[in-house]
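Student: This is the structure, below, for whatever I ask next.
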Amino acid sequence: MSRRENFLRHLLFDVRNRLDYPLRQLFRWRRAGFRISPRPEVDPFAPLPAEERPRAVALAGRLVRDYHLEEFAAQTTPVNYRENLFYLHLLESALEASQISLPEEIRAADIGPSHWFYVQALAALLRWWRTPHPRQIDLQGYEIDAYRVYADLHSRYDHAIGHIRDLPGVTYIPRGFSAQPLAFHLIFMLFPFVFSQDHLEWGLPGSLFQPRALLQAAWQSLQPGGLLIIVNQGEEEHAAQRALLEAEGIPIRAAFRHDPLLFRYSLDRFVLTACRDG
Ligand SMILES: C[S@@+](CC[C@H](N)C(=O)[O-])C[C@H]1O[C@@H](n2cnc3c(N)ncnc32)[C@H](O)[C@@H]1O
């Protein structure tokens, strides 16, 4: 596609998004009854190459045991199970690489959770990382486009509530994130938009694309000793995210490419963390 065609394409996306995003905010579509149907008889690791399966099965077993996910494992689909374990493994690696500790009661925010298909992993991480007794958690997911309607005529919000099930201390908040000074010990930004074309293709108006302001809002919202965990897809996005952190004067604590053993996406996942002086 030529530069001109690309420009026109994004202009059209922006015009469409400027019309239908406010409509979604006006109608706030919700419909009861979204449920995840388990299919426990399927082996979730069957699609993996034979030589990788034993390592994947052992790692999954360890995560399920350490983070008390047996009930969740029996209640979800094989793909959702694997994606949750992938997120859990990635975020566990991020905490370990950042050399921090978590308090006994923890307040955390996830910025841009979409339909929160990975909320079970987040809650389990907060509740059980390096502790024999479960922590009390207050996990808040801030989603700026919660009323997008999916093909099953349920909104993103409906799906998120379905994924949360009966997790205590977890709240899905249908609005954009704004700074709450010193409010959180941990903030997740899992695949924030770094490039404007991704933001537009996901259906948001161009005026809402403010990656530097959002990054600063997250950074200002951390308590002393609190950690920001950012995950990006692909080397190019990772490099651009690093540049954003540097431009905002946010010091990087850890940076790594995550091992895709439990779930292979078309682009590798890269992690960056930043810790506020405590
Ligand atoms: C690429 S998606 C990532 C979804 C999810 N975190 C994941 O791991 O798959 C980015 C999400 O961020 C949301 N978003 C963008 N700007 C936001 C903001 N200022 N506050 C809250 N959510 C935002 C978008 O609507 C979208 O759902």
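The values are calculated or read from the model by the stated rules, or taken from the named source; none is laboratory data. Treat the numbers as computed from the prediction; the structure is a model and nothing was measured. Don't worry about glycine lacking a Cβ; one is built from the backbone with ideal geometry, like all the others, and counts go over all protein chains shown. To get the accessible areas, we keep the full protein, side chains included, count just its heavy atoms, and leave off ligands, DNA and RNA. Shrake-Rupley method; radii C 1.70, N 1.55, O 1.52, S 1.80 Å.
Student: What Kirkwood Rh does the range 149-278 have if only Cα atoms enter the pairwise 1/r average? Answer in Å.
Tutor: 16.4
Student: For the range 105-155, I need the span (max minus min coordinate) of the C-alpha atoms along each principal axis, in Å, sorted largest to smallest.
Tutor: 42, 18, 11
Student: Here is a further query. Quick one: which residues, 5 or more positions from G226 or on another chain, have an amide H under 5 Å from its amide H? H modelled 1.01 Å from N in the peptide plane, none for Pro or chain starts.
Tutor: Hits under the 5 Å cutoff: R276.
Student: What's the local net charge at R9, with K and R +1, D and E -1, over the other residues with C-beta under 12 Å away?
Tutor: 0
Student: Viscosity 1.306 mPa s, temperature 10 °C: what is the translational diffusion coefficient of the range 32-84 from Stokes-Einstein with a Kirkwood Rh over Cα pairs, rounded to a whole number of µm²/s?
Tutor: Translational D for this selection: 133 µm²/s.
Student: Also, quick follow-up: So what is the 222 nm mean residue ellipticity for the chain from helices alone, if each DSSP H run of at least 4 adds -39500 (n - 2.57) and you divide by all residues, rounding to the nearest 500 deg cm²/dmol?
Tutor: Calculated from helices alone, the mean residue ellipticity at 222 nm is -13000 deg cm²/dmol.
Student: Roll a 1.4 Å probe over the protein heavy atoms and report the accessible area of W129 in Å², nearest 10.
Tutor: Answer for W129: close to 0 Å² accessible.
Student: With θ set to phi - 60° and the Karplus curve 6.51 cos²θ - 1.76 cosθ + 1.60, what are the ³J(HN,Hα) couplings of the range 238-251 in order, to the nearest whole Hz, using x for Gly and Pro?
Tutor: 4, 5, 5, 5, 4, 5, 4, 4, 5, 4, 8, x, 9, x
Student: Keeping all protein chains in the complex and leaving out DNA, RNA and ligands, what accessible area do you get for I250 with a 1.4 Å probe, in Å² to the nearest 10?
Tutor: About 10 Å², rounded to the nearest 10.
Student: For the range 125-131, take each phi angle, set θ = phi - 60°, evaluate the Karplus expression 6.51 cos²θ - 1.76 cosθ + 1.60, and give the result in whole Hz per residue in order, putting x for glycine and proline.
Tutor: 4, 5, 6, 10, 5, 6, 8
Student: Rg and Dmax of the chain over Cα atoms: what are they, in angstrom?
Tutor: 18.9, 58
Student: Only bridges with both residues in the chain count here: give the DSSP antiparallel percent, nearest 5.
Tutor: In the chain, approximately 40 percent of DSSP beta bridges are antiparallel ones.
Student: Another question, if that's okay. Give me a comma-separated list of calculated 3J(HN,Hα) values for the range 11-17, in order, Karplus coefficients 6.51, -1.76, 1.60 applied at θ = phi - 60°, integers in Hz, x for any Gly or Pro.
Tutor: So the J values, rounded to whole Hz, are 5, 5, 4, 5, 4, 4, 5.
Student: Take the Cα radius of gyration of the range 49-175 and divide it by 2.2 N^0.38 Å, with N its residue count; two decimals is plenty.
Tutor: 1.09
Student: What's the FRET efficiency of A243 with E41 using the Cβ-Cβ distance as r and R₀ = 45 Å, to the nearest 0.05?
Tutor: Calculated transfer efficiency: 0.45.
Student: Right, another one. Tell me the net charge near G225. Cut-off is 15 Å between Cβ atoms, G225 excluded, with +1 for each Lys or Arg and -1 for each Asp or Glu.
Tutor: 0
Student: Protein chains only, probe 1.4 Å: how do E237, E41, E96 rank by accessible area, largest first?
Tutor: Largest accessible area first, the residues go E41, E96, E237.
Student: List the residues, sorted by chain then number, that are 5 or more residues from I173 or on another chain and whose placed amide H is less than 5 Å from its amide H.
Tutor: Close amide H contacts, sequence-distant or interchain: G141, Y142, E143.
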